[in-house]
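Here's the structure, in structure tokens; my notes come after.
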Amino acid sequence: MSKAEDGRLDAVQAALAAEHAAVYGYGVVGGRIGEERLTEARAAYDAHRARRDALARDVRGL
């Protein structure tokens, strides 16, 4: 693996860790959020899950 590829892997892994944290955070918030913001929170949760899954695929590909 070249140095550039190694740097890319580190960056993608850092982004993946952030998405894992966001998914976890929305899971915690989801149980405490009011009805008026539930749809918004669910959309954000789904978006973070999708990014997490895409980044996990990228890490495996690298």
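The values are calculated or read from the model by the stated rules, or taken from the named source; none is laboratory data. What you see is a predicted model, and the numbers here were worked out from it, not measured in a lab. Note that we place each Cβ from the backbone using ideal geometry, even for glycine, and neighbour counts take in every protein chain shown. The protein model used for the area step is the full one, side chains on, heavy atoms only, and it has no ligands, DNA or RNA in it. Shrake-Rupley method; radii C 1.70, N 1.55, O 1.52, S 1.80 Å.
A few points about this structure:
- Any hit, the range 52-62, residues being more than 10 Å from the chain's Cα centre (by Cα) and open to solvent by less than 60 Å² (accessible area, probe 1.4 Å): yes
- Pairs with Cβ under 6 Å, 6+ apart, first in the range 38-55 and touching a residue at least 24 places away in the same chain (Cβ under 8 Å) and under 14 Å from H20 (Cβ atoms), second open to solvent by less than 60 Å² (accessible area, probe 1.4 Å) and not aliphatic (A, V, I, L, M): H48/E19; R51/E19; R52/E19; L55/E19
- Any hit, the range 23-36, residues being open to solvent by less than 60 Å² (accessible area, probe 1.4 Å) and closer than 18 Å to G61 by Cα: no
- Cβ-Cβ contacts under 6 Å between residues 6 or more apart (or on different chains), taken from a first residue in the range 7-22 that is farther than 13 Å from R51 by Cα to a second residue that is open to solvent by less than 40 Å² (accessible area, probe 1.4 Å) and part of a helix (DSSP H, G or I), are absent.
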